[in-house]
1. Just checking, does region 93-111 include any residue being at positive phi and surrounded by fewer than 15 Cβ atoms within 10 Å (Cβ to Cβ)?
2. Taking region 1-18, which residues are loosely packed, with under 13 Cβ neighbours inside 10 Å and charged (D, E, K, R)?
3. Give me the pairs, please: first residue somewhere in region 57-68 and in contact (Cβ under 8 Å) with a residue 60 or more places away in the chain, second residue anywhere and in a strand (DSSP E or B) and of a type in the set (D, E, K, R), beta-carbon distance under 8 Å, and either six or more positions apart or on two chains.
4. Taking region 59-87, which residues are open to solvent by less than 50 Å² (accessible area, probe 1.4 Å), outside any strand (DSSP E or B) and either more than 13 Å from ASN13 (Cβ to Cβ) or of a type in the set (A, V, I, L, M, F, W, C) (or both)?
5. Checking THR141 against (1) β-branched (Val, Ile, Thr); (2) surrounded by fewer than 21 Cβ atoms within 10 Å (Cβ to Cβ); (3) assigned to a helix (DSSP H, G or I), which single condition isn't satisfied?
6. Might you check whether a residue that is farther than 27 Å from LEU118 by Cβ and part of a helix (DSSP H, G or I) occurs anywhere in region 33-43?
7. So how many residues does region 19-58 have that are loosely packed, with under 15 Cβ neighbours inside 10 Å and on the phi < 0 side of the Ramachandran plot?
Amino acid sequence: MTVAKRLVALTVNGRAREDAVADHMLLLDYLRQTAGLTGTKEGCDGGECGACTVLIDGEPRLACITLAASCEGRNVETIEGLVIDGRMSRLQQAFHEKLGTQCGFCTPGMIMAAEGLLRRRPSPTEVEIREALSGNLCRCTGYVKIIESVQAAAGD
């Protein structure tokens, strides 16, 4: 059986790319296998945990239920793209300083969901933060430190 492929042109973390991808390839697999960006995590593989959250044209999306081909002409940002000149973003730094991570597995998805929120609402309320992160599950924390991390980044 021959797998249908197409040439997909998109921007990943500010860099233009053009790759042949199978019609059924998920964005998660494209990012990890083709682009070599392993910061985006595979958790549930069904759109339920948020570990694979990335930004597509600035909006949080789940890479495990998004076809790579559907990102034609779009801008995809991963956790790796938040680092500028080798330095963590203000949000990444806040997660580090406020202990917003435990095992760290959910952290990339949490940060990307929070980044999407902070771009839309630079000074969100706690309710808005909780709502923005409601699709991201953490098995290690009670979410208090995660919320405090986002609040700290918003306060910078």
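The values are calculated or read from the model by the stated rules, or taken from the named source; none is laboratory data. Since the structure is predicted, the reported quantities are computational estimates derived from the model, not experimental observations. Positions of Cβ are backbone-derived with ideal geometry, glycine not excepted, and every protein chain shown enters the neighbour counts. When the accessible area is computed, the model is the full protein with side chains, heavy atoms only, and any ligands, DNA or RNA have been set aside. Shrake-Rupley method; radii C 1.70, N 1.55, O 1.52, S 1.80 Å.
1. Filtering region 93-111 for residues at positive phi gives 99, 104.
Now drop any that are not surrounded by fewer than 15 Cβ atoms within 10 Å (Cβ to Cβ), which leaves 99, 104.
Among the residues of region 93-111, at least one is at positive phi and surrounded by fewer than 15 Cβ atoms within 10 Å (Cβ to Cβ), which makes the answer yes.
2. Within region 1-18, ARG15, GLU18 meet the criteria.
3. Listed by first residue and then by second, the contacts come to GLY58/GLU77.
4. Residues satisfying the conditions are ALA63, CYS64, THR66, ALA68, ALA69, CYS71, ILE79, LEU82.
5. (3)
6. yes
7. So the count comes out to 8.
Okay, residues lined up against (1) over 27 Å from GLY104 (Cβ atoms); (2) modelled with pLDDT of 95 or more:
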{"residue": "ALA4", "(1), (2)": "yes, no"}
{"residue": "ASP19", "(1), (2)": "yes, yes"}
{"residue": "LEU28", "(1), (2)": "no, yes"}
{"residue": "LEU37", "(1), (2)": "no, yes"}
{"residue": "CYS44", "(1), (2)": "no, no"}
{"residue": "THR53", "(1), (2)": "no, yes"}
{"residue": "GLU59", "(1), (2)": "no, yes"}
{"residue": "ILE65", "(1), (2)": "no, yes"}
